[in-house]
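Here is the structure we will look at, set down as structure tokens.
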Amino acid sequence: MLKTPLTQIPPPLLFLIGLVCMYFTPNYLPFPRFFTLVVIFFILCTVFSLGSVLRYLFNKKAPISPLNLHNTQILFTDGLYRLSRNPMYLSLVWALMAWFCYLGNGLAFWYIPFFVYWVTEFQIKVEEKALLRLFAQDYLDYQRNVRRWL
């Protein structure tokens, strides 16, 4: 169960805050917009978000809320979960990358590693501890075989 106020910021809200922060970051390092990369990152975002969210929605034993870990009854290790232990969060990173390429502001990149760090430290590591308690050896095996991000 999540306990500190810092961890009460759901990653989707942190993502939205990031979009705004990136937009208002001063454009001291402009670069040409790479619309091809925007499309590629947007497609990756769509595939990873739909693939992972739909997996949860079609299984009533798997709560989708990152703040409600104690109700988890199933460990997903198939589909996109074979590529990343956190495809939902990875989809948010793909979206931030698309936004960064669209903005054409090199300085706006600062938020992407910040987002990855914050979500890793205050969300994913907490989830990993909960999943380890719930699924023990199965989760250890999964951790050994699949990377946290990609």
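Within the stretch 57-94, if we keep just the residues that are under 15 Å from the mean Cα position of the chain (by Cα) and at pLDDT below 85, the residue that is surrounded by the most Cβ atoms within 10 Å (Cβ to Cβ) turns out to be P66. Among the residues of the stretch 136-148, those identified as in a helix (DSSP H, G or I) and open to solvent by 40 Å² or more (accessible area, probe 1.4 Å) are A136, Q137, D138, L140, D141, Q143, R144, N145. Screening V116 against (1) of a type in the set (A, V, I, L, M, F, W, C); (2) more than 17 Å from the chain's Cα centre (by Cα); (3) open to solvent by 20 Å² or more (accessible area, probe 1.4 Å) leaves a single unmet condition, (2). Residue check: is F122 within 25 Å of P32 (Cβ to Cβ), within 18 Å of the chain's Cα centre (by Cα) and surrounded by 16 or more Cβ atoms within 10 Å (Cβ to Cβ)? No.
Meeting the requirement of 2 or more residues that are β-branched (V, I, T) and closer than 28 Å to N145 by Cβ, the helices (runs of 4 or more DSSP H) wholly within the stretch 8-124 are 35-57, 111-119.
The values are calculated or read from the model by the stated rules, or taken from the named source; none is laboratory data. None of the values given here were measured: they were computed from a predicted structure. Neighbour counts are summed over all protein chains in view; Cβ atoms, including those assigned to glycine, are modelled from backbone coordinates with ideal geometry. Note: accessible area is taken over every heavy atom of the protein model, side chains too, but ligands, DNA and RNA are not part of it. Shrake-Rupley method; radii C 1.70, N 1.55, O 1.52, S 1.80 Å.
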